[in-house]
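Bear in mind that the values in this text are calculations on the coordinates, not laboratory data. Just so it is clear, the model here is predicted, and its values are computed rather than measured. Every residue, glycine as well, gets a Cβ built from its backbone with ideal geometry; the counts of neighbours run over all protein chains shown.
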Amino acid sequence: MPTFAYAPAPESRAVVDLRSSYGLFVDGEFSPAADGASFKTASPATEEVLAEVAEAGPADVDRAVAAARRAYDRIWSRMSGAQRGKYLFRIARIMAERSRELAVTETLDNGKPIRESRDVDIPTAAAFFFSYAGWADKLEHAGLGPDPRPLGVAGQVIPWNFPLLMLSWKIAPALACGNTVVLKPAETTPLTALLFAEICQQADLPPGVVNILTGGGATGQALVEHAGVDKVAFTGSTAVGKAIARSVAGSRKKVTLELGGKAANVVFDDAPIDQAVEGIVNGIFFNQGHVCCAGSRLLVQENVADDVVERLERRLGTLRLGDPLDKNTDVGAINSAEQLSRITELVQAGEAEGATRWSAACDLPEKGYWFPPTVFTGVSASHRIAREEIFGPVLSVLTFRTPAEAVAKANNTPYGLSAGVWSEKGSRILWMADRLRAGVVWANTFNRFDPTSPFGGYGESGYGREGGRHGLAAYLTTTQGDAV
Amino acid sequence: MVSTTTATAPPADPLATAREIVGTSSLDEKSLRRFLHGLPGVDQVGAEQRAATLGTRSIKRESKAWALELAVRMVDLTTLEGSDTPGKVAALCAKASRPDPFDATCPPVAAVCVYNDLVGIAVRQLAGTGVKVAAVATAFPSGRASMRVKLADTADAVDAGADEIDMVIDRGAFLSGRYLQVLEEVAAVREQCVRPGGEPAHLKVILETGELATYDNVRRASWLAMLGGADFVKTSTGKISPAATLPVTMVMLEAVRDWRAATGAMVGVKPAGGIRTAKDAVKHLVVVNETAGEDWLDPDWFRFGASTLLNDLLLQRQRMASGRYSGPHYVTLD
Amino acid sequence: MSPTAARRSASRRSGTDERVAVRKTYKLYVGGAFPRSESGRSYVVTDARGRFLANAAMGSRKDARDAVVAARAAAPGWVAATAYNRGQVLYRVAELMEGRRAQFVDEVAAGEGLRRPQAGRVVDAAIDRWVWYAGWTDKVAQVAGSANPVAGPYFNLSVPEPTGVVALLAPQRSSLLGLVCVLAPVLAAGNVAVVLTSTERPLPAVTLAEVLATSDVPGGVVNVLTGDTAEVAPWLASHMDVNAIDLAGAAHLDWADLERAAAENLKRVLRPAPTADGGEPTWDAVPDGPARILAFCETKTVWHPKGL
């Protein structure tokens, strides 16, 4: 009997015309790093080098911050909100026009499935610009205090898991509020930020309002520590977030941090079970688990644990891992060799500590960085895989008996970014939502994002919110003191 | 543990399995209600998202040819009009046994589905073709008749030689919570399907999901039909909109999947009404494959109740064979 | 009897059988009780002209540790109280302060070197500030929360929630009004507090603690430590079970160090307000909005599908 095989249905790369090398985007133009340094960015799925990009050093950071300051003083902070907003609307439209190109580039550079970059990353990124564009001339109506004013120059550092989406979360509210920005994309995923720089050019955005500096950790550090920066916004690891919090101590820089997580996804015995299984899968295997809010700890009520795990494993058997450009791919490549080795190390620790490992039977491609969807059962709260952020497609399953125990276990972490609850009982959902210490609680759903919905963590998951009216507060000050 | 035979003679005690699954020594309204309302709920938004995601799968060229062929073999070519005549049915039967007059390699469809007064002509027309005859019964489509009339209706069809009986459940009874009545009707019709000395007619139970309002009800009604002894659960009569939708089919496939896990027996699924394009049909097959598994990718376990779908499947077959887009004059009118 | 009055009566030595005043012992307030410092230490508190007022307890790092434990234990109850109830509790504090107005006036006048009418205005403002924040408790979620119109079939709601245990370095100069200005908003949101009082002017804070003890504020919700801010603050700043720190009273210290220590568990840090002279603000004006409440709130956003 013929098999019911899905096609390799690869998205065409023809829509992408990458240059062989990219400079830094400062003051509206691309230029090489002052010291000529550069690095290569590669596809994690094939290890093919995609382009060479400039590596910004301290002199470049100086130049970019100065350009942002000039643009702030002379143009952007003086422009009416209505005019600023129109630039943002323009950007949103151009992003939509170039969405296919952006999606393919994102998938090439990041390794995520094209289905996700096409259906989630790029449309949501454009939506952030569209949504915040409308705020630009309505800031006094945001209820954040009298006479809202921009902060100045924002230094922004973003991670590699949602490159363009994180860029939009950072740049859209900053510009809407009248700030100018210097943004550093992640070292392994600089390309869509550079395409975004071209979009700024196409939109005729005044030079210096947006500056993009590519580079590694040192570039980011130089940026956030730069004396000319008034506002620091960072998304990334908790360790780096703490270092940033220390580095700005004693200054008047405002900071927002969106850091790691170890979210509990709590499944009660009265959950809508098929959707819960989908939610668990989406919670941890979406974007290869490279999601700070991933539902990496499954807390399932003991009386349905076996059933849920069985359904989960059956469902994982249908996940398709492979070429990220294939429209049928569910699980793409791990973003880097470094990340792969971290995942591998933690999974080995899980096995060594006595948890039971189950991995979906996937053929892993020979080239590139891959890890099969993996579930650990028999996990104790003290195991490393139950405490540390793995940032990969690895789920730890723990059980609970009562709602109070579920809450206690869910909250037993220094993090507090997100949580999930699955139950058909409304009052229990609300009871749980009240008690879970997390910035986002997804009830009977998981991993949903929207420009109007604030996102950000409790505790060591960072502070400040991105998205919605709350997201404006990070980029404004008012006469009642800093909006929070 | 997987039963792959298509028809088993009803056991001496047709509701023995039902009692075991429900966990009661005597089936009554209370125990049924407790069981059906103890089934996991279905979250509408999540279910629809999952179905929509599956709908974006694209399948391989060779698989697509196979899928189109499979879809043709799964069609219950249907005419259920007050204006149906022996002539119309005869034409339909001709098309069912040789759907594409230009292509002898095109397989016949699974069945022809008609009202029971036209079963006789269909049986004669289809003799020796392997195409089954399905009859709608039990006061189709509303089901609003006495049990006596419904059973007589069924007996007529069975006596006339129908291979398959598509019955409707009493949605009024279901929605008002009279689950035992629905169960007993299904079981009684199932008994009526028995043909002395021959294979019993297969029983397809139409839930009329468009009237059930929620996916929770679709899931409960699916289980109720299976408890009553259904060989197939079927979405719709085609007389009510919405008829078959991808998420409804998915929820029913989840039910038969879970039924097999519980009993070891397979039950088929038939979406009917509203599936008009080959693309829709292939999306359904993707959902079958990912939800219930490839065991269900067989006309014995999955059917499309349709009339216009067949022509689109044929057009797409022609397009795949020739590499050209085809047109409506290259397929026959029903 | 207030310290000033006590001192006055003690100095009247004309009649031998004149009544000797009963002085007050100024202690810490931890977990609803008034212990001395576990260290056994005390220090001399003087009035603005350097005259002896009292020996105050010299809170230690272990007292701070105990206070954090007490605060953490009290947190679940306080956060679970309805906003309306918290408003009533805060209003009750104002009522009780009003009853002790004379004592507060005496202490503020002595400690801050104000004339009594000036001190009276300060105490009135402090009482009124409680009333102002009492009114905020059930407004802040409406003002700072939102129903978010996401592009999909979801109910999506954002609400502010208390951060948890907040360490408050109370203003050094404005020993009562400044304290109330930083404490009341923290309580209004549903947080619990560990307060380091003004080092040199701690007495009104202890009297406020006595008010709190007799009010409806549950024990442990507010813990008051007198002593040397510079000595104890680093322990609170680095404490991993403290969620936030208000550096209002640290303008004169190297608060960058405190902020650095606070980064270890990513405490929410409210820096000293910038002022023209680098000192502390006067706290006179009614705030422009609920910023100090929201400084110690987290926004929680809840999603739920809408379906049949």
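Worth pointing out:
- Percent of alpha-carbon pairs separated by more than 27 Å within chain C: 42 percent
- Number of partner chain Cβ atoms within 10 Å, mean per residue of C:266-278: 3
- Using alpha-carbon coordinates, inclination of helix C:83-99 to the longest axis of chain C, degrees: 10 degrees
- Listed by Cβ neighbour count within 10 Å, with the fewest neighbours leading, A:ASP326, B:ASP13, C:ASP288 appear as B:ASP13, C:ASP288, A:ASP326.
- Computed Rg/Rh of the range C:221-299, alpha carbon atoms with Kirkwood Rh: 0.96
- Calculated mean residue ellipticity at 222 nm for chain B: -14000 deg cm²/dmol, from DSSP H runs with n ≥ 4 weighted as -39500 (n - 2.57), summed, divided by the residue count and rounded to 500.
- Taking every residue in A:139-148 and counting other chain Cβ atoms within 10 Å of its Cβ, the average works out to 2.
- Here the scattering of chain B is modelled by Debye summation over its C-alpha atoms, one equal scatterer each and no solvent; at q = 0.12 Å⁻¹ the log10 of I(q)/I(0) is -0.79.
- Applying both filters, DSSP loop and at most 10 other Cβ atoms within 10 Å, to the trypsin sites (Lys or Arg not before Pro) of the range B:269-334 gives B:ARG324.
- Two numbers describe the Cα atoms of the range A:153-268: Rg and Dmax, which are 14.6, 54 Å.
- The range A:18-73 versus the range B:191-269: alpha-carbon centroid distance in Å: 61 Å
- Cross-link partners of A:LYS112 among lysines (Cα-Cα below 18 Å; sequence separation of 8 or more within a chain): A:LYS327, A:LYS367
- Helix C:61-80 axis, angle to chain C major axis (alpha carbon atoms, nearest 10°): 50 degrees
- In terms of surrounding Cβ atoms within a 10 Å radius of their Cβ, A:LYS327, C:LYS62 rank from fewest to most as C:LYS62, A:LYS327.
- Taking θ as phi - 60° and the Karplus parameters 6.51, -1.76 and 1.60, the scalar couplings of the range C:153-158 work out to x, 10, 7, 9, 10, 10 Hz in sequence order, x denoting glycine and proline.
- Once you reduce the range A:243-309 and the range A:442-467 to the center of their Cα atoms, the two points are 11 Å from each other.
- Angle between chain B longest axis and helix B:278-291 axis [Cα atoms, degrees, rounded to 10]: 40 degrees
- Here the scattering of the range B:274-334 is modelled by Debye summation over its C-alpha atoms, one equal scatterer each and no solvent; at q = 0.22, 0.25 Å⁻¹ the log10 of I(q)/I(0) is -0.92, -1.04.
- Amide H contacts under 5 Å for A:GLY152, placed H, 5+ residues apart: A:THR180
- Across peptide C:155-161, the mean count of Cβ atoms from other chains lying within 10 Å of each residue's own Cβ comes to 4.
- Prolate/oblate/rounded label for the range A:337-453 (Cα gyration tensor, a/c 1.5): prolate
- Loop trypsin sites (Lys or Arg not before Pro), the range C:63-141 (other Cβ atoms within 10 Å of the site Cβ: 11 or fewer; DSSP): C:ARG115
- Shape annotation for the protein assembly as shown: C-alpha extents along the principal axes are 131, 73, 56 Å, from largest to smallest.
- Restraint check, A:LYS86/A:LYS253; B:LYS60/B:LYS279; A:LYS262/C:LYS62; B:LYS150/B:LYS239, Cα-Cα greater than 23 Å: A:LYS86/A:LYS253; A:LYS262/C:LYS62
- Prolate/oblate/rounded call for the range C:200-256, Cα gyration tensor, a/c under 1.5 rounded: oblate
- This ranking places C:TYR84, C:TYR154 by how few other beta-carbon atoms lie within 10 Å of each, fewest first, which gives C:TYR84, C:TYR154.
- Derived scalar couplings ³J(HN,Hα) [the range C:159-174; Karplus, 6.51 cos²θ - 1.76 cosθ + 1.60; whole Hz; x for Gly, Pro]: 9, x, 10, x, 6, x, 8, 10, 8, 10, 8, 5, x, 7, 8, 7
- Across the range A:463-473, computed HN-Hα scalar couplings (Karplus, 6.51 cos²θ - 1.76 cosθ + 1.60, θ = phi - 60°) run 9, x, 10, 10, x, x, 4, 4, x, 5, 4 Hz from first to last residue, x flagging Gly and Pro.
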